[in-house]
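First up is the structure itself, then whatever we jot down about it.
The values are calculated or read from the model by the stated rules, or taken from the named source; none is laboratory data. In this text, all values refer to a predicted model and were calculated from it rather than measured experimentally. Ideal geometry is used to build each Cβ from the backbone, glycine not excepted, and the neighbour counts take in all protein chains shown. Note: areas computed on protein heavy atoms with side chains; ligands, DNA, RNA excluded. Shrake-Rupley method; radii C 1.70, N 1.55, O 1.52, S 1.80 Å.
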Amino acid sequence: MSNDKAVLVGVDGSDASYKAAWWAANFAKHAGLTLQIVCAYSLPSYAAVSFDATYTTMGDDVAAHNDAQEILSKAKAIADDQGVSAATLIVTGDPSSVFVELSRNYKLIVIGNRGKGGLAERLLGTTSSSLPAYAYCPIVVVPYTDDDGNLMHLNNQIRRVAVGSDESKWGLKALQIAAGFADSWNAELNVMSAVPNISGLTGTGSVEERSVMDSYLDDLNTRIAPLLKTYPGLRVTKSVVPGSAVEALTQASKTHDVVVVGSRGRGGFTGLLLGSTSQGLLQHAVSPVYVVPRKYVEAEESGLKAAAEGGLVVETKDIDQITGVEQVSVDTAEPEQLADIESKIDPERQK
């Protein structure tokens, strides 16, 4: 059932997760991929369990399972409304570890952000367990609001894509993925490189500063050149920005439909995603952030090497082999429920 032609989106009943489900369905439809929707819950013995707005009695697995099915039915209605047929899954237990295992089988995993508690907090909460840091496939994190609580609009079309680029293998892979992503949408690609510690040079516009900026631009041109051969129709702009890469890409998220970045890298993009709550890109971006995880890049390298040597590629895991994952069949939510959800996640969206 799961394969690298599928997109997985996680929902927990929050408006933020339903917004992610809409984005995932729109992407799957455009890319010609299948969609699977998963709802996760756990029943610890020491506390009551809740989804975003649904509390279940402690230890009441039946009630929690029913709640999960209701959440899935609403997310399925969002996908159906876009003409995308979606399979539905329920995950029990620790979602961080299960999602990492699931990520072996998917083209992309999509999750929402800025929900209060729930799945987003458990998958994005800490650097030690964050899904974007440890997944085997790329992750898209879809914001619900900006820092001031303003609802973010969903675009049906991707017209502008920004990517943070450095010379690390994670940065190079992010650049390759961003180029393919932008080309598939016929979107403009803005390739950004951050220059750290330039403020220590002698004066704005000094010879030293211009020399450093020119050097970074030369490196950027070198990295972009092969992509222009692969995607000759790709429209590319280049930006070399002094100072914080976090700030540069956060600002870029205000004028671009997607921001692409690697989860590990040297130079200006180190710690970009997961450094701290106050600085991480995922906390402040106002457009979806497409993360290329470290494990994804390393697993791809390992698989290519093994294939070249006649060995096995990176092993995937069937759903039946992953503890706590259950495929379920749910009815689609009623049109009135769908209309209520859509009015909350993006009242300005046009189909």
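For this structure, a couple of remarks:
- Test: residue in segment 19-40 that is of a type in the set (Ser, Thr, Tyr) and either modelled with pLDDT under 90 or over 25 Å from Val292 (Cα atoms) (or both): no
- Close pairs (7 angstrom Cβ cut-off, 6 or more residues apart or separate chains): on the phi < 0 side of the Ramachandran plot and part of a loop (DSSP other than H, G, I, E, B) in segment 14-28, among the acidic types (Asp, Glu) and modelled with pLDDT under 95 anywhere: Ser14/Asp52
- Qualifying residue in segment 290-300 (condition: modelled with pLDDT under 85, farther than 29 Å from Asn150 by Cβ and loosely packed, with under 14 Cβ neighbours inside 10 Å): no
- Failed item, numbered, when Val260 is tested on (1) open to solvent by less than 50 Å² (accessible area, probe 1.4 Å); (2) modelled with pLDDT under 80: (2)
- Count of segment 140-166 residues which are among the charged types (D, E, K, R) and loosely packed, with under 15 Cβ neighbours inside 10 Å: 3
- Segment 83-101, residues that are buried (at least 18 other Cβ atoms within 10 Å of the Cβ) and part of a loop (DSSP other than H, G, I, E, B): Val84
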